[in-house]
Amino acid sequence: MDDYLIDLNDAAEGDGGGGVHQSSMSGSPSGGGATRTKQANFSAYEDNVLYKSWLEISCDPVINTGQRRESFWIRVVSRYNSNCGRYSKRTQKSIMNRWDHIKAEVSKFSGYMAEMTRSNPSGMSDADKSVAAAADFASVEKHNFTLMHSWKILKDEPKRMELKKKMDTAQTSGSRENAPPNGHHILDLDAGNSAPSSSSGKRPMGRDAAKAAKKKSDAASSEYVSKIHDLSVQKIELFKETEGERKSQLDEIVTLEKVKVEEAREHRKMMLDIEREKLALEKKRLDMEAEKKEKEENERILAINLDQCQHLQCMYYQALQEDIIQRLMSRRQGPSQ
């Protein structure tokens with residue numbers, strides 16, 4: 001899906017922007033020491049206001065026709081500051097720097113996202129692909145991608161690619177012989193439907209032509225909304241199918257886990273039975289050894305010649321011999337009735 005390849009080039013040619021910008025110089029009434037204060041980083045809300053301001057000014061077929069770069073950014077800054085709400089107003093330099101930073105970061109991320117989409121890993125949803133693309137971005141660029149809110153808005157803006165092509169054409173076709181006298185480039189953001197810019201010497205689009213172009217744009221917007229609705233319906237259906245597949249996979253996993261638990265239980269039972277058998281065999285072996293030792297000891301005692309023993313020894317061994325004989329007779333006769 002090459003629609004993800006978003007190169008947010010625009011009319012800005014300022015410095016690359018980070019999130020922190022400085023306000024205008026302010027000093028004492030006497031013109032003494034000037035102080036410079038830093039404004040806070042752009043928030044996600046402020047970024048959203050900036051996107052919408054840029055897109056509204058860029059996509060307006062009536063206002064935007066043939067406007068110069070400086071006029072274009074004046075309109076963007078005015079639109080931004082009128083919609084920024086409780087946040088501080090920004091200078092033109094601050095807004096242009098921020099936009100340069102956004103377009104650079106989002107353009108890089110769009111390349112990682114396009115590569116992830118082309119590889120189409122099995123079992124990954126769009127959200128999973130975004131996470132994986134962000135991980136690739138951080139690994140290669142050595143810093144995290146912090147403009148996911150920007151990507152989500154700009155990737156679905158159909159006018160952006162059209163504007164990109166027109167801006168590239170305006171920049172490459174601005175040769176010296178056609179350049180305006182004051183040296184500013186003219187941003188013809190609707191070159192396909194508008195008259196040539198004032199630098200060519202011809203009259204710009206009139207009021208009736210601008211109204212007709214606006215009606216055509218409104219019709220195109222309605223068609224776009226319809227297509228977006230159809231895509232949303234298709235996305236919902238795809239989510240339903242994906243959810244069904246996930247439920248089926250989860251059921252299979254649960255079934256496999258039940259089988260594993262049952263097999264583990266049977267295995268433990270078998271091991272316990274084997275241990276019992278081993279213990280029984282060991283007990284039998286010990287009993288046999290004890291019986292053998294007892295028999296050997298009895299035979300030794302019975303083999304003693306009492307006539308050669310001293311009196312006390314004779315009495316001791318005689319008692320042992322009689323006890324042995326009595327036990328042997330009891331075993332032969334069995335339990336007493």
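The values are calculated or read from the model by the stated rules, or taken from the named source; none is laboratory data. All values reported here derive from a predicted model rather than from experimental measurement. Every residue, glycine among them, receives a Cβ derived from its backbone with ideal geometry; neighbour counts consider all protein chains shown. Keep in mind that these areas ignore ligands, DNA and RNA; they rest on the heavy atoms of the full protein, side chains included. Shrake-Rupley method; radii C 1.70, N 1.55, O 1.52, S 1.80 Å.
Could we say that K52 is in a loop (DSSP other than H, G, I, E, B) and either at pLDDT 70 or above or open to solvent by less than 60 Å² (accessible area, probe 1.4 Å) (or both) here?
Values: in a loop (DSSP other than H, G, I, E, B): no; either at pLDDT 70 or above or open to solvent by less than 60 Å² (accessible area, probe 1.4 Å) (or both): yes.
Spelling it out, it is not the case that K52 is in a loop (DSSP other than H, G, I, E, B) and either at pLDDT 70 or above or open to solvent by less than 60 Å² (accessible area, probe 1.4 Å) (or both).
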Q: Read through the list (1) open to solvent by less than 40 Å² (accessible area, probe 1.4 Å); (2) of a type in the set (A, V, I, L, M, F, W, C); (3) in a helix (DSSP H, G or I), then give the number of the only condition that F145 fails.
A: (3)
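Evaluate the following for T65: is it open to solvent by 20 Å² or more (accessible area, probe 1.4 Å), at pLDDT 85 or above and among the β-branched types (V, I, T)? Walk me through it before giving the result.
Numbers: open to solvent by 20 Å² or more (accessible area, probe 1.4 Å): yes; at pLDDT 85 or above: no; among the β-branched types (V, I, T): yes.
So T65 fails the test.
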Q. From the set of residues in the stretch 317-337 that are surrounded by 10 or more Cβ atoms within 10 Å (Cβ to Cβ) and among the aliphatic types (A, V, I, L, M), which is modelled with the lowest pLDDT?
A. L328
Q.
Of all residues being hydroxyl-bearing (S, T, Y) and assigned to a helix (DSSP H, G or I) in the stretch 81-120, which is farthest from H143 (Cα to Cα)? Just the residue, please.
A. S82
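Of all the residues that make up the stretch 88-131, how many are among the small types (G, A, S), under 12 Å from the mean Cα position of the chain (by Cα) and crowded, with 17+ Cβ neighbours inside 10 Å? First the steps, then the outcome.
If we filter the stretch 88-131 for residues that are among the small types (G, A, S), which is where we start, we get 88, 94, 104, 107, 110-111, 114, 119, 122-123, 125, 127, 130.
If we keep only those that are under 12 Å from the mean Cα position of the chain (by Cα) as well, we get 125, 127, 130.
Subsequent filtering for residues that are crowded, with 17+ Cβ neighbours inside 10 Å retains 130.
Qualifying residue count for the region: 1.
Against the definition (over 30 Å from S125 (Cα atoms) and either at pLDDT 95 or above or of a type in the set (D, E, K, R) (or both)), how does R276 come out, yes or no? Please lay out each step first, then the result.
Numbers: over 30 Å from S125 (Cα atoms): yes; either at pLDDT 95 or above or of a type in the set (D, E, K, R) (or both): yes.
So R276 fits the description; yes.
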Q) Which condition breaks for K152 when tested against (1) modelled with pLDDT of 80 or more; (2) not in a helix (DSSP H, G or I)? A) (2)
Q. Hey, does the stretch 185-207 have a residue that's under 27 Å from K108 (Cα atoms), at pLDDT 50 or above and either assigned to a helix (DSSP H, G or I) or in contact with a Pro (Cβ under 9 Å, 6 or more places away or on another chain) (or both)?
A. no
(Q) Any residue at all in the stretch 296-316 that's modelled with pLDDT under 90, in a helix (DSSP H, G or I) and aromatic (F, W, Y)? (A) no
